[in-house]
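Encoded as structure tokens, the structure appears first; notes follow it.
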Amino acid sequence: MIITKLKDIDEIYEMIKPYSKILIAGCDGCCQPPRSINEAKILGQMLELKSKMNGKNLTWKAITVLRQCDDRIAGTTVRPYIDEYEAIVSLACGLGVSMLNRIFEDTLTFPAQDSMFGASENHGDNLYEQYCDTCGECLLGETAGICPVASCAKGLHNGPCGGQVDGFCEVGGYKYPCAWIQIYERLKKFNRLDLFNKFRPPKDYRLMTSPGHLELIQEYTNAIEEEEVEK
């Protein structure tokens, strides 16, 4: 899921200040904390109050979209309202904001949130923690399921630096555990230190170059062809 943080209300208001009618679109997708219809209504009320304090009237409507990052779902949900409003405020992550701007080229969509990082939900520690950087070159099979790209503050590929003390990383003031110490201990537990000693070449950052593209139809076609060859 994508972890988001609501922007300051003053920042959101500055973006929509030129408009008198706005559509506020929540998202039922993977944003955490959830930003759905209730959050959209609360934001609308806050922006309306802010407008009144500045001597302006603001008309708004709150809706929610199942997934703003899906062009068909977003287009079908938002299109019935688009002609009635001058701008859109999106409570999705940056993917949803970008998608709405692509679908509705004649209407500006503004972000109400900052997208922080992708994470998994850890109920035991009551937090969302970044486990993957979607870097295009997965090393989890060699590092006992602990990603050195996302979990190591320096993204090191071949072991800890000299900045760790007692298993904690110098980045952040020795508050967070060193990913490579965790990797070592976990590989040792399973008697797989041969993987720890394996040399990994420098990361191919071309795989992380933006913008990324993946032809889904071609991927499926390749998979089918490979399966037929094996048969």
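At-a-glance table
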| read-out | value |
| --- | --- |
| Förster radius 35 Å - calculated FRET efficiency between residue 205 and residue 6 (Cβ-Cβ, nearest 0.05) | 0.65 |
| Rounded FRET efficiency, nearest 0.05, which uses the C-beta distance separating residue 158 from residue 105 and R0 of 41 Å | 0.30 |
| Residue 154 long-range amide H proximity, modeled H, under 5 Å | none |
| Charge-dipole axis of the chain as Lys and Arg at +1 and Asp and Glu at -1 on Cβ define it, positive-most pick from 66, 116, 76 | 116 |
| Fluctuation leader among 14, 142, 185 - the chain, Gaussian network, Cα springs under 10 angstrom | 14 |
| Å³ per residue enclosed by the Cα convex hull of the stretch 128-172 | 92 Å³ |
| FRET E, pair residue 76, residue 42, Förster distance 35 Å, beta-carbon r, rounded to 0.05 | 0.90 |
| Approximate spin-label separation residue 57-residue 117, in nm, with each point projected 7 Å along Cα-to-Cβ | 4.7 nm |
| Debye log10 I(q)/I(0) for the stretch 18-93, one point scatterer per Cα, at q = 0.13 Å⁻¹ | -0.37 |
| Per-residue HN-Hα couplings for the stretch 201-206 [Karplus 6.51, -1.76, 1.60; θ = phi - 60°; Hz; x = Gly/Pro] | x, x, 5, 8, 6, 5 |
| Inter-label distance, nm, simple model (7 Å from Cα along the C-beta direction), residue 198/residue 84 | 5.7 nm |
| 5 angstrom amide H check on residue 65, placed H, neighbours 5+ away | 26, 27, 28 |
| Amide H within-cut-off set for residue 178, under 5 Å, with H built and near neighbours excluded | 168, 169 |
| Summed residue charge, Cβ within 11 Å of residue 196's Cβ, Lys/Arg positive, Asp/Glu negative | +2 |
| Cβ-placed point charges (K, R +1; D, E -1), dipole of the stretch 94-148 about Cα centre in debye, nearest 20 | 120 debye |
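All of the numbers you see were taken from the coordinates with simple rules; none came from a lab. The structure displayed is predicted, hence computed values, not measured ones. When we count neighbours, we look across all protein chains shown, and the Cβ atoms used for this are built from the backbone with ideal geometry, even at glycine.
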